[in-house]
1. So what are the ³J(HN,Hα) numbers for segment 117-130, from phi and the Karplus equation (6.51, -1.76, 1.60; θ = phi - 60°), rounded to whole Hz, Gly and Pro as x?
2. With the Cα gyration tensor of segment 147-189 giving a ≥ b ≥ c as the square roots of its eigenvalues, does the rule (a/c under 1.5 for rounded; else a/b larger than b/c for prolate; else oblate) give rounded, prolate or oblate?
3. How much net charge surrounds Arg85 when only the other residues with a Cβ under 15 Å from the Cβ of Arg85 are counted, with Lys and Arg +1 and Asp and Glu -1?
4. Find the relative contact order for segment 47-189 and round it to a whole percent, using C-alpha pairs within less than 8 Å whose residues are 6+ positions apart.
5. Suppose R0 equals 41 Å; then what is the FRET efficiency for Leu123 and Lys151 from their Cβ-Cβ distance, rounded to the nearest 0.05?
6. Given axes a ≥ b ≥ c from the Cα gyration tensor, I'd like to know whether segment 66-185 is rounded (a/c under 1.5), prolate (a/b larger than b/c) or oblate.
Amino acid sequence: MRIQNLVVTATLIPVLMLAGCGEDKSADVAASSPGAHKAIKPSLTEAVANGTLPAADAPPSDDPVINAYYDYRVAFDTMMRSGGRATEQLAPVMTPAMFTAISQQAKYYRTKRLHNTGATKVLWAKRVLHAKGILVRACYDTKKARTVDSKGRSVLPANTPTRWLDQMRIEQIQGHWVVDGGSTTPQPC
């Protein structure tokens, strides 16, 4: 039971700690951005599930901020499925501070020989303007993405929630939208 609580904590703490990271340089961009916008990009779930990038003909969102969030989810899930070994795809989709925190989580997964099976499924994502800049608020489901040890045994308690609400800050760095941290909470969204 103790290791299960540790795994849940190690999985969520780096993301939760990132709420204060960043310098909010995108506040001026947020003021000129369109209002809340919903988008769904279902092909990314399949991309994570089979370990490939989405096909070139996959329908992208018309919102680059939403696309930045989806790119982050794919990169993050790839790292989790690889047991923390695949991290090179993370740097282009997040700020350096967030990359440092997520790299620690990858190290934990490697050390404890953990990995995720299956894929998380983003149910919806929308852009919202906030005093701290642009956020993407998204609901995702982890029912098919279990965290297991090297023997394939689940390491999370059976009552671990499977629906999560992400509220991630998105920043523009050198003309490229990236995730700058935020919060993730269990919520029946």
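1. Once rounded to whole Hz, the list reads 10, x, 10, 6, 10, 7, 7, 7, 8, 9, 8, 9, 8, 9.
2. Numbers: a/c = 5.10, a/b = 1.91, b/c = 2.66.
Verdict is oblate for segment 147-189.
3. Details: positive: Arg81, Lys107, Arg110, Lys112, Arg113; negative: Asp77, Glu88.
Local charge sum for Arg85: +3.
4. Values: 253 pairs, mean separation 31.7, N = 143.
Once divided by the residue count of segment 47-189, the mean separation gives 22 percent.
5. Numbers: r = 31 Å, r/R0 = 0.75.
Here the calculated transfer efficiency is 0.85.
6. Details: a/c = 2.33, a/b = 1.46, b/c = 1.60.
Oblate, since a/c reaches 1.5 and b/c is not below a/b.
Here, each number is a calculation from the coordinates, and none is a lab measurement. Keep in mind that what you see is a predicted model, and the values were worked out from it rather than measured. All Cβ positions, even for glycine, are placed from backbone atoms using ideal geometry, and neighbour counts span all protein chains on display.
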